[in-house]
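Report on the following structure.
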Amino acid sequence: MSLMILTDCYNLDVDHPISFSGPNGSLFGYSVLLHKNKKNTWLLVGAPVANSPSYPAVKEPGAIYKCSISDKRECQQISTGVDSCGKTCFSESDNQWLGVSLSRQPGDGHVLACGHRWKNVFYSRNDNQNKLPHGVCYRYEADLKQAQPLIPCYKDHQRKFGEDYGSCQAGISNFLTEDLIIMGAPGTSYWTGSVLVYNTSSRVLSAYVDDNSTVLYGSYLGYSVGAGHFLHLDSTEIVGGAPQHGQTGKAYLFRAEENMLKIISEVKGSKLGSYFGASVCAVDLNGDGLSDLLVGSPMYSTVREEGQVHVYINQGAANMKEAEFQLVGSNSYAARFGETITDLGDIDDDGFPDVAVGAPQEEELRGAIYIYNGRKTGISQTFSQRITSSVLGNELKMFGQSVSGGIDVDGNGYQDVAVGAFLSDSAVVLRTRPVVVVEAFMPLPVSVNRYVALCSDNGLPAVCINATVCFRVHARLFTSSIELQYNLTADTHHKESFPSRFHFHGNGTSNATTGRVKIRHDQLTCVPHQAFMRKDVQDIFTPIRFEVTYALREHTVHNGGSTFPALKPILQQRGEHGNLVANKTMFARYCSLANCSTNLQVSAQLVLPQRHNNMPYFALGNGKTIMLNTALVNTGDDAFLPRLQLRFPSNLHYIKVLDTEEKFVSCDISEENKTIVGVDCSVGNLYLSSGAKVNISFLLDVNQSSSVGDVSIFINASGDNYEKRGSSARQLCHFDVTTEIWSRCQHPWVYDSNILCIWLSIFGPSKSLNTIVEIDIPKILSPYPYRLLHITDFQTSLGECSI
């Protein structure tokens, strides 16, 4: 039986998407919002350039569609409009882009829909001045039957385009809390931008006013907005993105003080044109009660606009520390990853909120969304799920431009997700699969006595380990029994080239077994297994590690009656090895010394082929070898992985070790540098027992071109002490090999015809290196003064001569 582990998909179901479509070319799906009121659940969809049947004379005002999820799955427009707006105001809703942003109040609260290009044309109609794009937002009741228009930038007698709030374009982004309506106004003060906050409890409108030029002209502050608990658990602070600030972008944290917003913290981008701050998301990633911050840079480019998301963890009191990594999705060309970031709530039931990041231009504008899971440390660096439009089987375009969560549409206890794809005038609802949380553990005995057979294997006494696999499962609104299948493997970390030291009964000699278990909700269920020790175990030092991997059997969960297809539950992911449980035990040791200390003693003796005056030596070039006899004795407790290390000059050559198989000796040559050669040998079959002695003979040769003198050989003995792995037993042995040249010379000479010839011959096994020959030739024969010989020329067949 094999276990299939799902790694490229998690718990958003892609097999049963709920799809909606709007009028062609209306940009239906530019914004999406899941909304619930009492027993009704809707998907609200913004279509910023849709025409409205309620206002046929208005050109493409945009519209909000209310789509029923649970029954007929039809969409219908919600009628809205501005009847009156002030003393010096006249409404123009043409091209107002209603539906550019949508948000909902927590719980079954109000809904806010905005059109940032709504215009006041009072002065342009009367004296041909510029239209004033104030922007408009509509605050809908929870049942979506009534709406109240909000025009926060309008002031009586305000007529200049660009100055103050004349062209603020409020509502390009919006966000709702329990008592705050937050609207971005990036056109304020010649596109310096601002954030507007209306407190529905105190009915006070607060705004950021840049008196000190902290925010630069053209920063687009308010392009994105959000809110969270940054200073204290019970306070609410506002977030505003300014993607054009200094061409690198910033995001600001504000505190409301009466009718003013004060900057309390800021974070900034680092790369030109990255649009840092185009999206912001305040979310408590690590569950400490304080909001952390995600900031999108959708146009961040390595090649072209791959995009990324920056992560800031709240250290307390709005002290935002940037993570050492950024979220990058698949790092795809022109993906614009980070265009939108949405808090989905805890969709995988691990106690931490999860987020979705949109990359709407990935795969040539088809788009994708990425799911990242909150963690105790902040957020997972890699995504747990990537959903592309092609996976859903639809011709979707710009899938991921908008994302919404926080509402359970099918009643299975998990919040679902809506995604817009406005370039194909589409929106999709993805339901969340139930998550099965498994607590698994495997108790093992503290140690194993290899001399005591407490079990029976095929009727014979055997040493065994009782490995008990235990499970407890939990799932929201899922009370029936859950069936798991598992693989149990014994001795997973045994030494290479050696078989597993334990096997399971009934399957030959395999160290793996499988099983199935049915578990009721929140009940502990355990299954015992016996693993038997092999007869020829040599390694008693390496811990005995057991591992169990588990997976769900086939299940389906029906919720919501017959309205929705059944979903398959999935195991909760917990990091890279979330469905693996391991434990280890060890063989019992009975030691006489503290910490089971070893005491390795090494001695050595050279056997040289020549002797002179009772002094052994090696004559260079004699064609014989050197034998190095070593003795390794363990006078302490058992030594794990005993080793011998030889170090000698490069003019010595290692040939072999005698009787290697019988003595379990294996050697490897390692050249430490050009002048020193090493031979590293493992001794014994993994360990050397207390009191054991091993004799090892090495054959060595000497380079005949070596110089005369002593050659030093160093021997080091060592072995690991498993109870105290940082230490080892070592002993060093050093001695010299004396090398000599053994040769003699004969030099007959012949004198003939005024030519004197001298022959020099070398007898013996060694080369005569750097030999100097002196020849004395008499000039006169005393007592006579006459010259006897006169050298006129000389020649040599080898070497050089001089007078």
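Would you tally the residues in region 380-402 being hydrophobic (A, V, I, L, M, F, W, C) and buried (at least 24 other Cβ atoms within 10 Å of the Cβ)? If you could, list the steps in order and put the result at the bottom.
Of region 380-402, the ones hydrophobic (A, V, I, L, M, F, W, C) are 383, 387, 391-392, 396, 398-399.
Going one step further and asking which of them are buried (at least 24 other Cβ atoms within 10 Å of the Cβ), we end up with 387, 396, 398-399.
Residues meeting the conditions: 4.
Would you confirm whether any residue within region 404-426 is assigned to a strand (DSSP E or B) and either modelled with pLDDT under 90 or in contact with a helix residue (DSSP H, G or I) (Cβ under 6 Å, 6 or more places away or on another chain) (or both)?
Within region 404-426, the subset assigned to a strand (DSSP E or B) is 404-407, 416-421, 426.
Subset that is either modelled with pLDDT under 90 or in contact with a helix residue (DSSP H, G or I) (Cβ under 6 Å, 6 or more places away or on another chain) (or both): none.
Taking every residue of region 404-426 in turn, none turns out to be assigned to a strand (DSSP E or B) and either modelled with pLDDT under 90 or in contact with a helix residue (DSSP H, G or I) (Cβ under 6 Å, 6 or more places away or on another chain) (or both).
Taking region 236-254 only, how many residues are at negative phi and surrounded by fewer than 16 Cβ atoms within 10 Å (Cβ to Cβ)?
As a first pass, look at region 236-254 and keep what is at negative phi: 236-245, 248, 250-254.
Imposing the further condition that a residue be surrounded by fewer than 16 Cβ atoms within 10 Å (Cβ to Cβ) reduces the set to none.
Final tally of qualifying residues: 0.
V435: among the β-branched types (V, I, T) and buried (at least 23 other Cβ atoms within 10 Å of the Cβ), yes or no?
Details: among the β-branched types (V, I, T): yes; buried (at least 23 other Cβ atoms within 10 Å of the Cβ): yes.
So V435 fits the description; yes.
Yes or no: region 720-735 includes at least one residue that is at negative phi and at pLDDT 70 or above. Can you show your working first?
Keep residues of region 720-735 that are at negative phi, which gives 720-735.
Checking which are at pLDDT 70 or above leaves us with 720.
Checking region 720-735: at least one residue is at negative phi and at pLDDT 70 or above.
Suppose we filter L290, L285, L233 for residues that are open to solvent by 50 Å² or more (accessible area, probe 1.4 Å), among the hydrophobic types (A, V, I, L, M, F, W, C) and part of a loop (DSSP other than H, G, I, E, B); which single one remains?
Details: L290 fails: open to solvent by 50 Å² or more (accessible area, probe 1.4 Å); L285 fails: open to solvent by 50 Å² or more (accessible area, probe 1.4 Å).
Only one candidate passes the filter, namely L233.
Could you please find all residues in region 501-536 being crowded, with 19+ Cβ neighbours inside 10 Å and not in a strand (DSSP E or B)?
R501, N511
When region 645-691 is examined, which residues are found to be among the aromatic types (F, W, Y) and open to solvent by less than 40 Å² (accessible area, probe 1.4 Å)? Give the derivation first.
If we filter region 645-691 for residues that are among the aromatic types (F, W, Y), which is where we start, we get 648, 654, 664, 687.
Passing the criteria: only F648.
Residues that are modelled with pLDDT of 75 or more, at least 2 per element: which strands (runs of 3 or more DSSP E) completely within region 595-644 meet that? Spell out the reasoning first.
Numbers: elements: 600-607, 610-612, 615-619, 626-634.
Correct list: 600-607, 626-634.
Tally up the residues in region 255-274 that are within 15 Å of G222 (Cα to Cα) and open to solvent by less than 40 Å² (accessible area, probe 1.4 Å), please.
2
Among the residues of region 481-497 satisfying the criterion of being in contact with a Ser or Thr (Cβ under 9 Å, 6 or more places away or on another chain) and in a loop (DSSP other than H, G, I, E, B), which is surrounded by the most Cβ atoms within 10 Å (Cβ to Cβ)?
Among those residues, the one meeting the criterion is D491.
Which condition does F478 not pass, out of (1) open to solvent by 20 Å² or more (accessible area, probe 1.4 Å); (2) under 33 Å from the mean Cα position of the chain (by Cα), if it passes all the others?
(1)
What residue, of V58, V45, V32, is within 18 Å of C137 (Cα to Cα) and either in contact with a Cys (Cβ under 8 Å, 6 or more places away or on another chain) or among the hydroxyl-bearing types (S, T, Y) (or both)?
When all the criteria are applied, what remains is V45.
Among the candidates R159, R117, single out the residue that is basic (K, R), at pLDDT 90 or above and open to solvent by 50 Å² or more (accessible area, probe 1.4 Å). Walk me through how you get there before you give the answer.
Working: R159 fails: at pLDDT 90 or above.
Going through R159, R117 in turn, the sole match is R117.
How many of the residues in region 449-468 are assigned to a strand (DSSP E or B) and open to solvent by 10 Å² or more (accessible area, probe 1.4 Å)? Walk me through how you get there before you give the answer.
First, pick out the residues of region 449-468 that are assigned to a strand (DSSP E or B): 455-457, 460-462, 464-468.
Adding the requirement that they be open to solvent by 10 Å² or more (accessible area, probe 1.4 Å) leaves 455-457, 460-461, 464, 466, 468.
Count: 8.
Out of the residues in region 306-336 that are under 15 Å from R386 (Cα atoms), touching a residue at least 40 places away in the same chain (Cβ under 8 Å) and not hydroxyl-bearing (S, T, Y), state the one that is most open to solvent (accessible area, probe 1.4 Å).
In this case the residue turns out to be G329.
Kindly evaluate L423 against the criterion of being under 27 Å from the mean Cα position of the chain (by Cα) and more than 30 Å from N583 (Cα to Cα). Break it down stepwise before answering.
Numbers: under 27 Å from the mean Cα position of the chain (by Cα): no; more than 30 Å from N583 (Cα to Cα): yes.
It is false that L423 is under 27 Å from the mean Cα position of the chain (by Cα) and more than 30 Å from N583 (Cα to Cα).
Check F471 against each of (1) buried (at least 19 other Cβ atoms within 10 Å of the Cβ); (2) hydrophobic (A, V, I, L, M, F, W, C); (3) assigned to a loop (DSSP other than H, G, I, E, B) and name the one condition it does not meet.
Result: F471 fails condition (3) only.
Give me the pairs, please: first residue somewhere in region 340-358 and closer than 18 Å to L34 by Cβ, second residue anywhere and assigned to a strand (DSSP E or B) and aromatic (F, W, Y), beta-carbon distance under 6 Å, and either six or more positions apart or on two chains.
Going by the 6 Å Cβ cut-off, the qualifying pairs are V355/Y372; V357/Y370.
Give, as residue ranges, the strands (runs of 3 or more DSSP E) completely inside region 180-225 that count at least 1 residues that are touching a helix residue (DSSP H, G or I) at 6+ places or on another chain (Cβ under 7 Å) and under 25 Å from D343 (Cα atoms). Break it down stepwise before answering.
On the way: elements: 180-185, 194-199, 204-207.
Those strands (runs of 3 or more DSSP E) span 194-199.
Among (1) assigned to a loop (DSSP other than H, G, I, E, B); (2) within 46 Å of the chain's Cα centre (by Cα); (3) of a type outside the set (S, T, N, Q), where does R139 come up short?
(1) is the only condition that R139 fails.
For region 414-432, name all the residues that are within 17 Å of H16 (Cβ to Cβ) and surrounded by fewer than 22 Cβ atoms within 10 Å (Cβ to Cβ). Reasoning before the result, please.
Narrowing region 414-432 to residues within 17 Å of H16 (Cβ to Cβ): 414-419, 426-432.
Once the filter is applied, which keeps residues that are within 17 Å of H16 (Cβ to Cβ) and surrounded by fewer than 22 Cβ atoms within 10 Å (Cβ to Cβ), region 414-432 yields only Q415.
If we scan region 534-543, do we find a residue that is modelled with pLDDT of 90 or more, of a type outside the set (F, W, Y) and under 34 Å from the mean Cα position of the chain (by Cα)?
From region 534-543, those modelled with pLDDT of 90 or more are 543; that's our starting set.
Checking which are of a type outside the set (F, W, Y) leaves us with 543.
Adding the requirement that they be under 34 Å from the mean Cα position of the chain (by Cα) leaves 543.
Scanning region 534-543 turns up at least one residue that is modelled with pLDDT of 90 or more, of a type outside the set (F, W, Y) and under 34 Å from the mean Cα position of the chain (by Cα).
The values are calculated or read from the model by the stated rules, or taken from the named source; none is laboratory data. Keep in mind it's a predicted model, so treat the numbers as computed, not measured. Note that we place each Cβ from the backbone using ideal geometry, even for glycine, and neighbour counts take in every protein chain shown. Note: areas computed on protein heavy atoms with side chains; ligands, DNA, RNA excluded. Shrake-Rupley method; radii C 1.70, N 1.55, O 1.52, S 1.80 Å.
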